[in-house]
1. How big is the gap, in Å, between the Cα center of the stretch B:15-37 and the Cα center of the stretch A:362-437?
2. Only residues of the stretch A:48-90 count here: report those whose backbone N is under 18 Å from the spot 7 Å along Cα→Cβ of A:SER41, or say none.
3. Could you give the Stokes-Einstein D for the protein assembly as shown in µm² per second, using the C-alpha Kirkwood radius, 20 °C, 1.002 mPa s?
4. For B:ASP444 and A:ALA269, FRET efficiency with R0 = 60 Å and r from the beta-carbon atoms, rounded to 0.05?
5. Starting with the highest mean, order B:434-445, A:196-207, B:176-187, A:365-376 by the number of other Cβ atoms within 10 Å, averaged over the residues of each peptide.
6. As a test of the formula, what do you get for the protein assembly as shown when each DSSP H run with n ≥ 4 contributes -39,500 (n - 2.57) and the sum is divided by the residue count, at 222 nm and rounded to the nearest 500 deg cm²/dmol?
7. Are there any GluC sites (Glu not before Pro) in the stretch B:5-106 that are in a DSSP loop and have at most 16 other Cβ atoms within 10 Å? List them by number.
8. Starting from the exponent 0.38 and prefactor 2.2 Å, build the expected Rg for the stretch B:224-339 from its residue count and divide its actual Cα Rg by it.
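No value in this document is a laboratory result; all are computed from the given coordinates. Everything numeric here is computed off the predicted structure, so don't read it as measured data. Counting neighbours? That spans all protein chains shown, and the Cβs are built from the backbone with ideal geometry, glycine included.
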Amino acid sequence: MNPLAELLSERLSKGQVIDGFDTEAWAVCGRVPQAVVFPESEAQVAEVLSLSSEEGWRCVPGGKGSWLHGGQPPQSVDVLLSAERMDDISEYEPADMFIVAEAGTRLDELERRTSECGQWLALDPPGGERGTLGAMLAVGAAGPLQASFGCPRDQVLGATLVTGDGRVLALGGKVVKNVAGFDLLKLVAGSWGTLGMITSVTMRLHPTPASDRSLLFKGAEAEDGAELACRLAQTPLPLAAVELLVPGEGESGGGAPSPLVAVRILESADAADEAERVLSESAGMAPVQRLEGEQSAAIFDNVRAMEDGAELVLRLSLLPSRLPELVEMTSRLSDLYDPNEGWGMRLAAHAHTGVLRVMIAVVSRPDGWVDRAKTVLGVLRRSLEAEGGSLVVSQGPPEIVSAVSAWGELGPAALLTAGIQAAFDPAGILARGGSPQ
Amino acid sequence: MENILPEPLTKELGDRLRGVVGDSWVIVDADRLLAYESDGLTAYRRTPRAVVLPRTTDEVSRVLSILSQEGVPVVPRGAGTGLSGGALADGDAVVVGTARMTDMLALDPANRLARVQPGMINVDLTKAAEPFGLYYAPDPSSQSACTLGGNIAENSGGPHCLKYGVTSRYVTGLTVVTYDGKIVEMGGFGRESGGYDLLGVFVGSEGCFGIATEIEVRLLPKPEGVRTLLAIFDRLGDAGSAVTEIMAEGLLPAALEIIDGPTIRAVEASVFAAGFPTDAEAALVVEFDGIEAGLEADVERAVARCREAGAREVRTADSEEERLALWQGRKKAFGAMGQIASDLLVQDATVPRSQLTDVLERISEIGVRHDLTIANVFHAGDGNLHPNLLFDRSDPEEVARVERASTEIMAVCVEAGGTITGEHGVGLDKRRYMSLVHGPDELDAMRRIKAVFDPLGRMNPGKVLPDAPDSAGAAT
Ligand SMILES: Cc1cc2nc3c(=O)[nH]c(=O)nc-3n(C[C@H](O)[C@H](O)[C@H](O)COP(=O)(O)OP(=O)(O)OC[C@H]3O[C@@H](n4cnc5c(N)ncnc54)[C@H](O)[C@@H]3O)c2cc1C
């Protein structure tokens, strides 16, 4: 064992630390950690982090390691902390509609437990059910259902966070309405592990909807699809999700890919019938398909899996009414990939929030590919930012993400962001380097 | 509480402030300052040193620059309807009020967004959005008086937050001026940032991080239909069971509100009499909204659950007028109590819903033990309680009993797995209960974050956080 792993296994136990070749599977954006530790309690997490703070080891908290390639690449990683062995559901009160589970609990396990009691966690983040609860909160991951249920930040009631210097903070509580002091939980949601390691999470649950219906509408071209999606999202109906889906060139059987607009309705059957009538009227056409129950859920499970196998994932955004323009802008990305490689480029947009995900199967790598990507993405980011929008490189070849930076500049908020980071992680062992965190 | 008269502003400082906002908008006359000596929690009274009323973000920034150069503490203030003493100015502080910042800056119906100044009254936003078939969802009972800036500072809730969530779900962007006069943009709909959720932590920061000077919020389309029913119960516990059963059905009402026997009797004895039987011990208002076609079935299921739980009577409404009549008792509860007692302390706490009945029983025992009338009005669906303690401020012995009863109520709610405030905030009043729900490390973490936004500690000082353990004798 290397000296670092040696020291860690003295503090924990031999079986809880790996080093050498075994750590490659745990690379963070291509950076292989010197050691991976598997703490079994928040006390052990605190022990590892306070030791690392003293030693100046750079740490990255993780779950089961299914999404370590996302976000801003850290400059280096000494220790990766996996929440894999912390996966107890510690408290579940169906009557009070909350569940407390350790960070390493898998989302599919959570789904299994809650569905037994007619409840669910109304979130459908990318990556499907393999992800873990702690990681979902840490990256603030949400899918199409955010149109109606919000993001993890809106549904988390409490969490335990072990800070960079090993303080154990119990944030929030178990009740839906809670304004006792500053809402530090909001900082933790979407902090990408840069404030500490989340060890336990309390989530709000919802009753399983009595009926689940998805309607698929077809547009002729991608931009038409975007207009249709906007129009449907603007109907005054309580829709659970409106998602524009454009398959990749390589999966549309030749010819231009034709876009679909998938609308999900989680209301009673009577209400869904009425919604379908209003939607068809607004679309000027009937849906090409109506899916009910498990089939309806399945189509949105596919949306969750759309990033699977993508080498580059971008998130572009503008105000929702400008979705057609946003879709059109994706033509500027044509230099970055070859439509004949893999499935090409897929698009998926949340019509209510104006976020367009662009998934590219294989990034082309001619000479100077990194510079070219840097230019293309830089120009696109600037033009979106000038319009109040943004471009996020959600995952991609580390060369590109490092060159472009995952997120745009923060402006005057950067000072506050840095202050917050330092308040939770005084030694700076969790900071991801580069802009902004 | 004792009201210490503050040091007046120096002429020079007054002139500089008048130079920014205009002569009429710096208030220093003792009699005009009286209007600012308390908020909705009238037990505390403090006269501010001065009140400054700027008109724009730029003016707020210049006012704060001047005050911070002079080291003068600042207290933001909206309409002063807060119920935790948050807008009170301590010692030598100056109030910066948003009363003149009431403009609609942009209304974007296509994207269902509005950008407003912080002094806009909550209900005025809904009125402005109405012609477009939209409304602003968070509806505190004080919505015809309170400001959106105050709502953001308190992360306010309201009866319909059961289905729609509280203020933090609707705020999408903020312009904030910090104590040093810096202008910071946070969030912005349609933009994803890699920084922390500054907006999220600002909401609910009770004026301790800065002044929100522009607010962007999400609007919702008005639901097509609304159905309301009112169930009358002989036992409060039965109303609680009805709530549990309705939720267990998988129904999600827009609102589930209870008023208890003492409240019913207060309402019936007042000009707001709503025709409730005065021997009843609870009235439950259940409201559903959404697509018309699905509503009737929901109402039928809820009516059945109420009857099974022992409702003696269930009323439904056939017209908008009748619907409003069903809400009357709930909406006028505070007003009615104001008529039967000289003073009213509106408590606020949340417990897990399944604990409601037990906790209410214990609160009733606390009332008996301290010989106080406690009337409960509450957001039952969220477990958010408002025990109202009726008293007479001129009786110091009774005031002391109110204090003791409040402390015991807080302890009971926390013990049941709840918290010390669900929507009214900590302010001045609940600092002393903070350690019931937060340990020293959590309080320390909050202090550190406060220091990031306000390193000098002069933005709404003496609110929310109890004094740090090592700062014995700091201002109280
Ligand atoms: C009869 C009655 C019923 C009520 N019902 C409810 C209810 O149902 N739900 C609920 O949640 N609350 C309720 N409240 C409490 C109160 O109305 C809310 O807390 C409201 O949001 C306060 O708004 P305000 O404009 O009056 O704020 P103020 O009382 O003026 O200020 C409250 C706090 O906000 C800060 N503040 C104000 N403006 C700004 C700004 N622009 N930037 C930064 N900080 C600012 C102040 O410093 C202070 O700390 C009720 C109050 C009354 C009197």
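1. Centre-to-centre distance over Cα atoms comes out at 46 Å.
2. Of the residues in the stretch A:48-90, A:48-51, A:82-90 have backbone N under 18 Å from the label point off A:SER41.
3. Calculated translational D: 75 µm²/s.
4. Given R0 = 60 Å and the Cβ-Cβ separation, E is 0.70.
5. A:196-207, B:176-187, B:434-445, A:365-376
6. Estimated from H runs of four or more residues: -9500 deg cm²/dmol.
7. Listed in order of number, the matching sites are B:GLU37, B:GLU70.
8. 1.01
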